[in-house]
Amino acid sequence: MRRFTLVSFLALVFVSIAASSVHAQNTSTATVTGATSTRGRGIGIGAVQMLEGDRTNLLVSYGEVGGRFHIDGLFGISRNLDNNDNDNTRVNFGARFWYHLHAASFADFSMGGGVLVDTFRTTDRFTDFLFDLGAQIRTFIVPNVALIGSVGLGLNFRDGAGDQMSIGGKTLGSVGIAYFFE
């Protein structure tokens, strides 16, 4: 329920801002600048909701001055009790590197990947190591605020109870928002 609420809220914000800026975009000309952008430089902070699983992460992003790439750092922690009063604590952290293939005045399209370490406990403790490759679009609704969406494929290695290791593939996606201190 919490994930649906965050995704719905972000969609509502995106639609309302996009609708209000249609007139402004029709009167201005977007310029394509190769694979560099003047947006998303410096340090940015925000939140990212992973669409698989129940993870909301703090996002810290850094974009170089030339605008050819950006790096995202992710951190999340959550705790809840299940029906049997078992403590389900989850901690995850990771990093992703994105190379800008195309950039325009208020958006960029990137390809990249990263790694996420997810430690959680149900009745036993598990640790997931997730390696992903994918694509990301950042749309700047104002010069220093971006709506972020990404999709990709991941390879998951799980170290679980009884020293058992499992390997699996996943389809990944995330939505988020970030504020950049340019």
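Each reported figure results from applying straightforward, stated rules to the coordinates on display, with no laboratory input. Here the structure is a predicted model, which means the values were calculated and not measured. So basically every Cβ, Gly included, is an ideal-geometry build from the backbone, and we count neighbours across all protein chains shown.
Before moving on, here are some points about what is shown:
- Radius 12 Å from Cβ of G176, net charge of other residues (Lys, Arg +1; Asp, Glu -1): +2
- Backbone N atoms of the range 131-146 closer than 19 Å to the 7 Å Cα→Cβ label point of H102 belong to residues 134-141.
- Rounded FRET efficiency, nearest 0.05, which uses the C-beta distance separating R158 from I45 and R0 of 41 Å: 0.85
- Modelled FRET efficiency - R0 41 Å, N88 with V145, Cβ distances, 0.05 increments: 0.80
- Taking amide H as placed 1.01 Å from N in the peptide plane, the amide H of E52 sits under 5 Å from that of G173, each at least 5 places away or on another chain.
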